[in-house]
1. Read through the list (1) surrounded by 12 or more Cβ atoms within 10 Å (Cβ to Cβ); (2) over 24 Å from residue A:803 (Cβ atoms), then give the number of the only condition that residue A:911 fails.
2. How many residues does the stretch A:405-423 hold that are under 40 Å from the mean Cα position of the chain (by Cα) and open to solvent by 60 Å² or more (accessible area, probe 1.4 Å)?
3. Take the residues of the stretch A:647-663 that are open to solvent by 80 Å² or more (accessible area, probe 1.4 Å) and in a helix (DSSP H, G or I): which is nearest to residue A:634 (Cα to Cα)?
4. Being open to solvent by less than 20 Å² (accessible area, probe 1.4 Å), of a type in the set (Lys, Arg), away from RNA strand B (no atom under 16 Å from the Cβ) and outside any loop (DSSP other than H, G, I, E, B) is the requirement here; does residue A:64 meet it?
5. For the condition away from RNA strand B (no atom under 15 Å from the Cβ) and in a loop (DSSP other than H, G, I, E, B), what is the one hit in A:879, A:874?
6. Across the stretch A:353-381, what is the number of residues that are farther than 21 Å from residue A:329 by Cβ and either among the hydrophobic types (A, V, I, L, M, F, W, C) or surrounded by 17 or more Cβ atoms within 10 Å (Cβ to Cβ) (or both)?
7. May I ask you to list pairs of residues, at least six apart or on different chains, whose Cβ atoms are under 6 Å apart, with the first in the stretch A:376-387 being among the aromatic types (Phe, Trp, Tyr) and modelled with pLDDT under 95 and the second being outside any loop (DSSP other than H, G, I, E, B) and within 6 Å of RNA strand B (Cβ to nearest atom)?
8. Let me confirm something: among A:920, A:851, A:867, which residue is of a type in the set (D, E, K, R) and exposed (fewer than 14 other Cβ atoms within 10 Å of the Cβ)?
Amino acid sequence: MQNYDHQSIEAKWRAYWKEQKINEVVEDTTKPKFYVLDMFPYPSGAGLHVGHPLGYIASDIFSRYKRLRGFNVLHPMGFDAFGLPTEQYAIQTGIHPAVSTDKNIKRYREQMDQLALSYDWSREVRTCDPKYYKWTQWIFTQLFDHYYDLDEDKAIPITALKERFEKEGNLKVQAAHTHANSFDASAWQSMTAKEQAEVIMDYRLAYRKIGYVNWCEALGTVLANDQIKDGLSERGAHPVEKRAMTQWYLRITAYAERLLEGLEHIDWSDALKTMQRNWLGRSEGASIHFDIKDHNAQLEIYTTRPDTIFGATFMVLAPEHPLVSQITTGDQQGDIDEYLDYVKSRSERDRQSDVKNVTGAFTGAYALNPFTQVEIPIWIAEYVLMDYGTGAIMAVPAGDERDHKFAEKFDLPIIEIIDRTDYPNAGIEDKVGTMINSDFINGKPVLEAIAAVCQAVEDKNMGKRQVNFKMRDANFSRQRYWGEPFPIVYDDEDIATALPLAELPLTLPDSDDFQPTAEGASPLARVTEWVELPDGRRRETDTMPAVAGSSWYYLRYMDPGNEDAFASKSTIDYWQDVDLYIGGAEHAVSHLMYARFWHKFLYDLGYLPTDEPFQKLINQGMIQGVIEFIYLKKEKTEGQHHFICRSMASDFDEEELVRIPVPIEYVSAYGTDDSYLTTEGIDGFIKWSPSYKDAIFEIPDGTYQKGATTVTGNQKEFQLITHSEVGKMSKSKYNVINPDDVIGQYGTDCFRMYEMFLGPLESSKPWDTNGIDGVFKFIRRLWRLYFDENGTFAIDRITPASKDELRILHSTIKKVQEDIERYSFNTCVSHFMIAVNDLKAYEVQKLEIAEALVVLISPFAPHIAEELWHQLGHEDSVHRAQFPELNEDHLKQSEITYPVSINGKKRTEAAFSVDATKEEMEAEALKLEAVQKWIDGKTIRKVIIVPGRMINIVAN
RNA sequence: GCCGAAGUGGCGGAAUUGGUAGACGCGCUGGAUUCAAAAUCCAGUUCUCGCAAGGGAGUGUGGGUUCGAUUCCCACCUUCGGUACCA
């Protein structure tokens, strides 16, 4: 009997598809479009592991399915090729990032091809390619040359803003900005060019300002907030400190409201939307001005609880607040200076790791409650952050937990302002209860009180209602080599200008020194012939972060070769936006937020027809690995490392042992509860890690050292039990499973179907090769449906399919179609198994059934489907076929078997004709022997019959 | 702490609108085929009582709604993910 030979068949069809350019797609207005996108990978040196392809396979199945349904499908892939790891690798090895990037991409490409992912590679993009980053730079120049007008609620050219300043100053301009002062037309006209440039800078959507940045000394660069974990750099776990630097920023906050609102109209998971909402962190409240006793300056605070103003017993400024130096009194100067020193000495990590500890110092100054003129002492404390709100708060110990702790520690008064006797379970920050001790709002419920105070604040000109967002403008500067250079030059007055399109791309100059300079400037600063222009101007030396290139790559796929635009109007009008986007949840905030921001910006400029880039988004789960550890005693035995069996670990205190990860190839029964090392496994481990070559390995029955066993018990085989843990697949845990190995053994079709069969796309699960045999068997069984026992292709082309065969086929069509549409690929695989198991009852398959089944399965197992399709006599590819049409008539049955329950518990079954009436069924059901037995001696209260579903008899 | 998701056999998981809980696969048990093995095929497999027929229990825990709850409501527990002095 001829068995399915995946090696030769898969290779044959991959070559055929390549030659036929079957995956290339062009705009075709006669067909509806569908855009399926994967998050493009960062090509790391490690290659793909079995976890990466999960999303790629799912999106590929969906793409192939949509093609069979007559859609013109755009399904591209590219590489997010700028970034820190490649540069770190270059620093360590001297290999130029461009060289290692090329090599890594080549490897990724091979692995992806092996998975038979139907990407149109003629559309590949790489963010590090000058032809690509020309347009990344161009979008940056557009951000630089626009500001956000709040009246128009969109981005407007800076030239229009200059004209308004010329005519009327900035008094009436409603715009997103960071400029502190107001000026009229004459003030504007009397400014120097440099002063004007500085004002304009504060309005640009891409702007420069001094900011406190996360500086990582060891990496020599600024890090974004999401590159920091627990106060240490995500990469390398180096300490991070705050440092003031002039940096480029993108004014994403201008789009905060639209980024929030847009979430209402896209089909993303609630979990993801909530994450974005939390990140945006919208809050409604009021900003209120407090006079300062004996000072001209006013103190502006932001609060979400203006109703609690009569309970404000002290004010707190952030230590960096500019007023601190002005208002501190002579006798408090010492305290304040001491506290500021303390704050400076604390790293980001200290601040985060001990939030319970309350600290602060008194300035000696007093603010005046704007309603009552009561004097309120002004303190400074770490817990108030300079870059949120106004960097200052009114502290209400009775209404805020942190304020309460602070008041207790420094013995400040606490005034109860809300009577919550009607709400015994409410917390002190809940917006329920009735105001007390609160002047004109006494007796009002909290929500009314908030409104009343807001109104009074505005009426009396003490401040205004205000909406705040937690999200900050993003730092867009990196002091690195391997990124897009900023298309910006400075003149001798340090006025920044963007390069015109004609001068783009500004290519990254070649260099072989990737270390940042001692002052923390980018390595580009060393390339003086590049930095210094002949006319005396100089270039920006920072580069853009990795998020730049990934914020718009999905648009470039529409028209990747275009040299005159990031994509032509006609291709954008055709492809519109992404219909389905699949990728990991690790990009839930930064990448997806930035892409949405850039998309909305380009929409404002009229380049895009829609204002959201990704209509449907799915986060695929992670495929985890099992990490195997062995226990090492911290204390050496007779100068030797001493490992012990897991079964002995409970005899020791936790502090006495360390867990050492072991590469999984040495472990027997890998992934099971009782995985262990044999003496061969130990030998392998020692060879791999020679520092343990003389180590002692102890099990309850004996020891193993330097190749010799001392077994005291009667155990036949030496088994050192390991400790298993599920975790991320990672090089450092030595638990990476390479898809190439699995594919080599089982074939791509099997691998694809097995990854889908593992479970729902969105849930994380550990990789387990054990189950793959089931899918492998299924594929061979599928193959055998088409061959007789002599291995000859055998299909009945004459006999029409029976009713039963048609029912099997059409129920499979129905289920597969429905399940693909709801991205439930694991259940599709089950349905295929059921179909093949059912059809096996027929010795020879009928043509009609055989053909439809091949098409149905082709998105999942493209190679075997293509082979069978050609064996069936087709010249063209199965991937150009049509999805079989569902005919519900074949699913209709003349009889339905009903479960019959008594009091909700199923007791028996009974078959009824589909057109039996309820009355007939009820009468028949009551006559059933099994029913009689259960209702004997009881009264029938009710009989419930749901047609097509079930029968329930209620009796007692 | 807050927000989100999820808890179903020995294991991965299924049950789409409240309607036969455990599809499909792994594993396991027994059998057929074979000189033997691989491969393949057949039967069984939630737990529990019982030789069987047939009972009882059962979807994290406790309650509720309903003729009927894995599904809806309330409270709690656990796990995972995100986030954190955000005023």
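The values are calculated or read from the model by the stated rules, or taken from the named source; none is laboratory data. Please read all numbers here as calculations on a predicted model, not as lab measurements. Virtual Cβ from ideal backbone geometry, glycine too; neighbours counted across all protein chains shown. To get the accessible areas, we keep the full protein, side chains included, count just its heavy atoms, and leave off ligands, DNA and RNA. Shrake-Rupley method; radii C 1.70, N 1.55, O 1.52, S 1.80 Å.
1. Every condition holds for residue A:911 apart from (2).
2. 2
3. Narrowing the stretch A:647-663 to residues open to solvent by 80 Å² or more (accessible area, probe 1.4 Å): A:650-651, A:653-656, A:659.
This time we only want the ones that are in a helix (DSSP H, G or I), so: A:650-651, A:654-656.
Numbers: A:650: 15, A:651: 14, A:654: 10, A:655: 8, A:656: 6 Å.
Across the stretch A:647-663, the extreme among qualifying residues is A:656.
4. Details: open to solvent by less than 20 Å² (accessible area, probe 1.4 Å): yes; of a type in the set (Lys, Arg): yes; away from RNA strand B (no atom under 16 Å from the Cβ): yes; outside any loop (DSSP other than H, G, I, E, B): yes.
It is true that residue A:64 is open to solvent by less than 20 Å² (accessible area, probe 1.4 Å), of a type in the set (Lys, Arg), away from RNA strand B (no atom under 16 Å from the Cβ) and outside any loop (DSSP other than H, G, I, E, B).
5. Details: A:879 fails: in a loop (DSSP other than H, G, I, E, B).
Exactly one of A:879, A:874 is away from RNA strand B (no atom under 15 Å from the Cβ) and in a loop (DSSP other than H, G, I, E, B), namely A:874.
6. Here is the first cut: in the stretch A:353-381, the ones farther than 21 Å from residue A:329 by Cβ are A:353-358, A:370-372.
Now narrow it down to the ones that are either among the hydrophobic types (A, V, I, L, M, F, W, C) or surrounded by 17 or more Cβ atoms within 10 Å (Cβ to Cβ) (or both): A:355, A:358, A:370-371.
The total comes to 4.
7. From residues that are among the aromatic types (Phe, Trp, Tyr) and modelled with pLDDT under 95, the pairs are A:383/A:402.
8. Numbers: A:851 fails: exposed (fewer than 14 other Cβ atoms within 10 Å of the Cβ); A:867 fails: exposed (fewer than 14 other Cβ atoms within 10 Å of the Cβ).
Result of the check over A:920, A:851, A:867: A:920.
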